[in-house]
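Remarks on the structure that follows.
The values are calculated or read from the model by the stated rules, or taken from the named source; none is laboratory data. Here the structure is a predicted model, which means the values were calculated and not measured. Backbone-built Cβ (ideal geometry, glycine too); neighbour counts: all protein chains shown. What goes into the accessible areas is simple: the full protein's heavy atoms, side chains included, and nothing from ligands, DNA or RNA. Shrake-Rupley method; radii C 1.70, N 1.55, O 1.52, S 1.80 Å.
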Amino acid sequence: MDSIHLRDDQYVLNHCTKYLARDTGTIVEPWRFPVVDSHNEDGDPNGRYRYNDVTFIYDGRRQAPANVGVIGTFAKIYKPIPLRPVRFLDEATGYFAVTVKIPKGELHYYKFQVDGQVVLDPINPQRTRIDNGMEWSRFMTHMLTQPINFERWEYDILARLTVHILPFQTRDGENFLKRYYFTLDKQRRTTELTHAYRLDNSIGVVNYIDGLLARDELHRLIDYRICLSILRDVLRQRQPGSIPSMIARTVYVELYEQMAKNDVPDWDYERYYSPRFFLQLLRRHTLTGAFSHPKYGGNNAAIGWAFLAERYIDDETGQTLFAWRRAIERPFGESVEYLG
């Protein structure tokens, strides 16, 4: 099968040792499974920008199965892909694994087939219920822009708030963005910006936060659910009859300043104790999206890094103090060693 891309036992065990091999049986950072990693294949140097390696791992140490497979929407749904036993010093470890090459920017559902019985991934906390009522485990590859957690009105509120956090709304920031996008050639527009958003459009950062809350920051999803509901109620009182996307900018500016002071009239403090804490959480997630590695769905085309490179210049040499291109691989940077 062309999509199978081998990762050796040492690679699998490195992840298992860090997150699964605990005497207490506790799983550390379970959102890391399945392992979504950069793809690197001989003969296709740009393949890592189109694909991810997704490694499915099944822990069979307590009750060793004879056969383990994985079915999912990334392949023929009812044709299991077999997982192989993972060994160490030629001894069985109890783990089973397989790595599949999957395009970036996709959301998929899957289950394990263990000795003929179909089960959810017991490690991965991401699960979803599809239209027929069946529950599946879920994962996403890098650069996904498809909504996962938020409804339309939640997107609208977050987009309006993140505008005040991003540093690109100033005159210098706007001038930079215009120059940057104007200088992109046609090929870069169609390749680097395929999955993307412009940094002067805050909805792109909201897409990043949406994905973040599905994995790394899953424990913070409840904060967003509660606070966005409270914010909607506050906005309805301040401008009745208007939907979040149409409410006046001055209303959001005032609301943002009040959240920063932790003093928001009509805020339901019994449901959530601190609007300032939520604003700080939102600021952290927003800035991470603007300046993280583009493979994670933020900082598209490395525009955030280019902004910093232009902003921080050595007065004596005239050279940037943020020479990120030397450390980052193509198509963003120049490094031939770093593989994302």
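Only a single criterion out of (1) within 29 Å of residue 104 (Cβ to Cβ); (2) open to solvent by 20 Å² or more (accessible area, probe 1.4 Å) is not satisfied by residue 223, namely (2).
Tallying residues that are under 30 Å from the mean Cα position of the chain (by Cα) and open to solvent by 20 Å² or more (accessible area, probe 1.4 Å) within region 62-93 yields 11. Looking only at region 1-14, count how many residues are at pLDDT below 85 and open to solvent by less than 50 Å² (accessible area, probe 1.4 Å). Residues that pass the stated criteria total 2.
Return the only residue of 196, 260 being modelled with pLDDT of 95 or more, under 27 Å from residue 311 (Cβ atoms) and out of contact with any strand residue (DSSP E or B) (no Cβ under 8 Å at 6 or more places or on another chain). If you could, list the steps in order and put the result at the bottom.
Details: 196 fails: modelled with pLDDT of 95 or more.
Just one listed residue meets the conditions, 260.
Considered as a group, the residues in region 87-125 that are assigned to a strand (DSSP E or B), touching a residue at least 12 places away in the same chain (Cβ under 8 Å) and of a type in the set (Val, Ile, Thr) include one that is farthest from residue 3 (Cα to Cα), and that residue is 93. Under 7 Å by Cβ, and 6 or more places apart or on different chains, what pairs join a residue from region 240-254 that is at pLDDT below 90 with one that is not aromatic (Phe, Trp, Tyr)? Listed by first residue and then by second, the contacts come to 245/156. Filtering region 246-263 to residues that are under 20 Å from residue 154 (Cβ atoms), open to solvent by 50 Å² or more (accessible area, probe 1.4 Å) and not basic (Lys, Arg) leaves only 246.
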